[in-house]
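Taking it in order: structure first as structure tokens, then the write-up.
Every read-out reported here was derived from the displayed coordinates using simple, explicitly stated rules and does not represent laboratory data. Everything numeric in this text was worked out from a predicted model, so none of it was measured. Positions of Cβ are backbone-derived with ideal geometry, glycine not excepted, and every protein chain shown enters the neighbour counts.
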Amino acid sequence: MLSGKQKRYLRSMAHHVDPIFQVGKGGVNEHLIRHIQEALEVRELIKITVLNNSGEDRDEVGTELAEKSGAELVQVIGKMVVLYKESRDKKKIELPR
């Protein structure tokens, strides 16, 4: 569980990150989850865009992505979802305490 200070730090880092995945009308599926898990292992912090044609609530999509990928939901703002998961092998981000 991330503290408020850690979430603020990650939000500031995510500001400069480009989204690498999109959730469209197909919604959240196992294929997308697997790719998100792989990206989180390499990058630790990723942004995902929820398209307007997805038809799902963005907050619910963010929560579902975080649960199924084993990541922490940092932020859902507008159509963007920010996820963080500490890498086992390639740790890059040092969180404040």
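Side notes on the structure shown:
- Between Ser87 and His16, the distance separating the two model label sites (each 7 Å from Cα on the Cα→Cβ line) works out to 1.7 nm.
- 3J(HN,Hα) from dihedral phi, the stretch 18-25, Karplus parametrisation 6.51/-1.76/1.60, rounded to Hz, x for glycine, proline: 8, x, 10, 9, 10, 9, x, 5
- Equivalent ellipsoid dimensions for the chain as semi-axes, Å, which come from the Cα gyration tensor, largest first: 21, 15, 11
- DSSP assigns beta bridges within the chain; of those with both partners inside it, close to 75 percent run antiparallel.
- With a Förster radius of 30 Å applied to the C-beta separation of Leu2 and Asn53, the computed FRET efficiency comes to 0.45.
- Listed residues Glu64, Glu72, Glu30, most fluctuating in the chain (Gaussian network, C-alpha, under 10 Å): Glu30
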